[in-house]
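One structure below.
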Amino acid sequence: MKYLNKIFIMILVFISLSFVGCEDRTELTAPEVSVGDADFSRFVVVGNSLTAGYQNGSLYESSQNYTYSKMIADQVGATFEQPIYSNPGTGRRMEIDGFNPDGTPIIVYNSATGSPQNLNYAAPYNNLGVPGAWLGDALYCTSSTTTVTGQANPMFDLVLRGLGTQLQQAMAQHPTFMIFWLGNNDILGHAAYGGTVPYNPPATFTALYSVIMDSLATTGADVLVANIPYVTSTPYFTTIGPKVGYSLQPAIEAGLAYGLFYQKNGETSAVPPTQFVTHNGLYSGEVMLTLASSAYAAYIGIPSGKFYRDNLPGVDPALLGIDTTQAFGLHPLNPFPDGLVLDEDELANIKSVIDQYNTSISTLAEAKGFHVVDVNSFLSSLARQGLTQNGITFNANYITGNAFSLDGVHPTSRGYALISNLFIDKINEVFNANIPHVDVSKVPNSINFSGYESVKTPTITTEILKNILY
């Protein structure tokens, strides 16, 4: 009898330990999610391509599944409708079509297009991010033909569907929680085209932002706003310059060339290659070449008029003072075009404009009790030193950096996951919440370079970059 009692006691102990073990494992694998003082019952976001989930030069479903706002909504269990566009997307999606033997990726664009999947959704979308939107568009644009830049943009029809402006549709949902992130495009296009197109003056930006903050304050929603990153810390600006600098070094050392000649305001300037060999995109007084210059970098030192044939067909370069019989980029009469270069003065102005934008964002948002997410500092740190999350290493290198897609400006799906975690950190901080991070290792890698960790800088034709919304 005593023997049976001992067996019975041992069985009870084993069962008790089993239950304890099960409880411990549950706590480890499924941590409790608390939104604290935040209310995500009506979660709405307003923004541009970064909010829409645009990447690789297109908007498409497999990317939209990993917008930063959709990942936040998934973490907190919120309902979240988006203007889904089926794969392969809205057109001209950039893709890697294999590698050359030397490790240079072959980048092409997909000529096929998908189609809108939920245009008949009865209410405004929760995600009101419109690729190409400027700050003023949130207030005034109702269709593809009413953009503040005066340029038609069909993305507005895809998202707005005649139901009003972004701001009107956001407010009509009586949001309980909002994210507002607009303003990148007000300076990005200016930078992407070498300082040759206008940007939104800081005074105008401030006036518009003030009106928007006043409007959002009437909703009673909790609001996060994000500031504007230094756009030239992205691979679009930091990839081609070093390649050109290193390629020019032998000619410089042999006394065959001084440096790169480039146009600026109708005149020709020159820069030694050391000024764009080691830049990190953070405005250290150096010169940058845009990703669009890749198609012409291979012609440096060769008598060529390729840029003018590609971009000004039918125009005689001689009428512009260009002598295409001279070495392209190495002779003052055949300089690198202005729209492909950002020099020290242009970079300093871009930084100043963004700093003024961000001062206005912080001042006006905080005056309404809103909370600012410092995307600028985060992406600047990523460019300087990189980071690691969930075993994945991120930096601002083109293709291999994991953070930025093939268009050089917009994040990869994993890059958007990093941004979602930045927003989650702010929510946890200010709303006493306990929302877990998105596990970036479980987000698909939207650029496949497996086996080619030493990827060489590619040549990207202007046709591939055509119509990308910068």
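The values are calculated or read from the model by the stated rules, or taken from the named source; none is laboratory data. The structure presented is a predicted model; accordingly, all values stated were derived computationally and were not measured. Note: ideal-geometry Cβ built from the backbone for every residue, glycine included; neighbour counts use all protein chains shown.
I'd like the full set of residues that are of a type in the set (A, V, I, L, M) and not in a loop (DSSP other than H, G, I, E, B), limited to the range 297-333. Lay out the reasoning, then the answer.
Let us first name the residues in the range 297-333 that are of a type in the set (A, V, I, L, M), namely 297-298, 300, 302, 312, 315, 318-320, 322, 327, 330, 333.
Correct list: Ala297, Ala318, Leu319, Leu320, Ala327.
Looking at the structure I just gave you, is Val372 touching a helix residue (DSSP H, G or I) at 6+ places or on another chain (Cβ under 7 Å), closer than 23 Å to Pro201 by Cβ, of a type outside the set (Lys, Arg) and outside any helix (DSSP H, G or I)? Before you say what the answer is, go through the steps one by one.
Details: touching a helix residue (DSSP H, G or I) at 6+ places or on another chain (Cβ under 7 Å): yes; closer than 23 Å to Pro201 by Cβ: yes; of a type outside the set (Lys, Arg): yes; outside any helix (DSSP H, G or I): yes.
Yes; evaluated as a whole, the condition is true for this residue.
Can you work out which of the residues in the range 67-85 that are polar (S, T, N, Q) and not in a loop (DSSP other than H, G, I, E, B) is farthest from Ile468 (Cα to Cα)? Full working, then the answer.
Initially, the range 67-85 is screened for residues polar (S, T, N, Q), giving 67, 69, 75, 79, 82.
Okay, now just the ones that are also not in a loop (DSSP other than H, G, I, E, B), so 69, 75.
Working: Ser69: 22, Gln75: 31 Å.
Of everything passing the filter in the range 67-85, Gln75 is farthest from Ile468 (Cα to Cα).
Return the only residue of Thr113, Thr79, Thr67 being of a type in the set (Val, Ile, Thr), under 20 Å from Asp137 (Cβ atoms) and at pLDDT 95 or above. Walk me through it before giving the result.
Values: Thr113 fails: under 20 Å from Asp137 (Cβ atoms); Thr79 fails: under 20 Å from Asp137 (Cβ atoms).
Of Thr113, Thr79, Thr67, the one residue that is of a type in the set (Val, Ile, Thr), under 20 Å from Asp137 (Cβ atoms) and at pLDDT 95 or above is Thr67.
Can you work out which of the residues in the range 94-120 that are in contact (Cβ under 8 Å) with a residue 24 or more places away in the chain, loosely packed, with under 15 Cβ neighbours inside 10 Å and among the hydroxyl-bearing types (Ser, Thr, Tyr) is nearest to Phe180 (Cα to Cα)?
Ranking the qualifying residues of the range 94-120, first place goes to Ser115.
For the range 338-352: of the residues being surrounded by fewer than 21 Cβ atoms within 10 Å (Cβ to Cβ) and in contact with a Phe, Trp or Tyr (Cβ under 7 Å, 6 or more places away or on another chain), which is nearest to Val244 (Cα to Cα)? Walk me through it before giving the result.
First pass over the range 338-352, keeping only residues surrounded by fewer than 21 Cβ atoms within 10 Å (Cβ to Cβ): 339, 343-346, 348-349, 351-352.
In the following step, the residues that additionally are in contact with a Phe, Trp or Tyr (Cβ under 7 Å, 6 or more places away or on another chain) were identified as 339, 348, 351.
Details: Gly339: 16, Ala348: 22, Lys351: 24 Å.
Within the range 338-352, the match that is nearest to Val244 (Cα to Cα) is Gly339.
Looking at (1) touching a residue at least 12 places away in the same chain (Cβ under 8 Å); (2) small (Gly, Ala, Ser); (3) closer than 30 Å to Ser269 by Cα; (4) outside the structural domain of Pro272 (by TED's automatic domain parsing), can you tell me which one Gly415 breaks?
(3)
Give the range 381-403 a look and list any residue that's out of contact with any Ser or Thr (no Cβ under 6 Å at 6 or more places or on another chain) and either among the charged types (D, E, K, R) or not in a loop (DSSP other than H, G, I, E, B) (or both), or say none.
Answer for the range 381-403, where residues must be out of contact with any Ser or Thr (no Cβ under 6 Å at 6 or more places or on another chain) and either among the charged types (D, E, K, R) or not in a loop (DSSP other than H, G, I, E, B) (or both): Ser381, Leu382, Arg384, Gln385, Leu387, Thr388, Gln389, Thr393, Phe394, Asn395, Asn402.
In the range 121-140, which residue that is buried (at least 23 other Cβ atoms within 10 Å of the Cβ) and without any contact (Cβ under 8 Å) to a residue 60 or more places away in the chain is nearest to the chain's Cα centre (by Cα)?
Here the residue is Asp137.
So is Thr363 out of contact with any Lys or Arg (no Cβ under 6 Å at 6 or more places or on another chain) and assigned by TED's automatic domain parsing to the domain that holds Asp214 or not? Steps first, answer last, please.
Details: out of contact with any Lys or Arg (no Cβ under 6 Å at 6 or more places or on another chain): yes; assigned by TED's automatic domain parsing to the domain that holds Asp214: yes.
Yes; evaluated as a whole, the condition is true for this residue.
Give the number of residues within the range 412-443 that are within 20 Å of the chain's Cα centre (by Cα) and either modelled with pLDDT under 95 or among the acidic types (Asp, Glu) (or both).
2
Scan the range 224-255 residue by residue and report those that are surrounded by fewer than 20 Cβ atoms within 10 Å (Cβ to Cβ) and touching a residue at least 24 places away in the same chain (Cβ under 8 Å). Write out each step before concluding.
First, pick out the residues of the range 224-255 that are surrounded by fewer than 20 Cβ atoms within 10 Å (Cβ to Cβ): 242, 246-247, 249-255.
The answer is Pro242, Tyr246, Ser247, Gln249, Ala251.
Going by the conditions given, is Ala396 crowded, with 20+ Cβ neighbours inside 10 Å, of a type in the set (A, V, I, L, M, F, W, C) and either at positive phi or at pLDDT below 95 (or both)? Before you say what the answer is, go through the steps one by one.
Numbers: crowded, with 20+ Cβ neighbours inside 10 Å: yes; of a type in the set (A, V, I, L, M, F, W, C): yes; either at positive phi or at pLDDT below 95 (or both): yes.
Yes, satisfied.
I'd like to check which helices (runs of 4 or more DSSP H) are fully inside the range 189-257 and have at least 3 residues that are more than 28 Å from Gly401 (Cβ to Cβ) and at pLDDT 90 or above.
202-217
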